[in-house]
Amino acid sequence: MHRLSVKLFFAFCVVIWAVLLVIGYFVQRSISANYLLTLEEGMFGEAKVLAASTEAALANGKELGELESLFRASRDAQQTKLRHFHLTAREMETRYLLYDEKGTVLFDSNMPSRKGENFSAWRDVRRALGGGYGARTTINKAK
């Protein structure tokens, strides 16, 4: 009788462990999805403000080179947010791209040398050029 009780106890523990594992998996997926949605909403709002500011600056005769301070200020604000969440610049980086209606890069905040390249094949650029929502998250592996 004692052996049966021990076996039942271990079987019960395994079942409880499996149930907790499944619940934990779904809770983690839900938290991750909500976190990414919140992050993306903030990035979308920031992109709209930068687009409106860029459009107004270009309409007032400013050159693309003069807009670098606008993007730098936005990046500094992003770094302030990162410090608030105890992240470092190595953990998250925002890249600002400005391209024309054909997908040709006019401004790249991270790699100015890419100016003139055609990014129309990129999924996010293609969607944005088509009037849709284009955004992309890329994980950069440690160098």
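Considering only residues that are surrounded by 11 or more Cβ atoms within 10 Å (Cβ to Cβ) and modelled with pLDDT of 80 or more, which ones fall in the stretch 91-110? Steps first, answer last, please.
Quick first cut of the stretch 91-110, residues surrounded by 11 or more Cβ atoms within 10 Å (Cβ to Cβ) only: 92-100, 103-110.
Listed by number, the residues that qualify are LEU97, LEU98, TYR99, ASP100, GLY103, THR104, VAL105, LEU106, PHE107, ASP108.
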From GLU63, GLU55, GLU40, residue being in contact (Cβ under 8 Å) with a residue 24 or more places away in the chain and closer than 28 Å to TYR133 by Cα: GLU40
SER69 being loosely packed, with under 12 Cβ neighbours inside 10 Å, modelled with pLDDT of 80 or more and not aromatic (Phe, Trp, Tyr): no
Those residues of the stretch 95-121 which are over 16 Å from the mean Cα position of the chain (by Cα) and among the aromatic types (Phe, Trp, Tyr), in sequence order: TYR99, PHE107, PHE119
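Do the conditions hold for TYR35, that is, is it of a type in the set (Phe, Trp, Tyr), surrounded by 10 or more Cβ atoms within 10 Å (Cβ to Cβ), part of a helix (DSSP H, G or I) and at pLDDT 80 or above?
When the stated conditions are applied, TYR35 does not pass them.
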Sole exception among (1) assigned to a loop (DSSP other than H, G, I, E, B); (2) at pLDDT 80 or above for THR88, by number: (2)
Single residue of the stretch 49-60 satisfying the filter (loosely packed, with under 13 Cβ neighbours inside 10 Å and at pLDDT below 80) that is farthest from PHE107 (Cα to Cα): VAL49
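The values are calculated or read from the model by the stated rules, or taken from the named source; none is laboratory data. The structure displayed is predicted, hence computed values, not measured ones. Ideal geometry is used to build each Cβ from the backbone, glycine not excepted, and the neighbour counts take in all protein chains shown.
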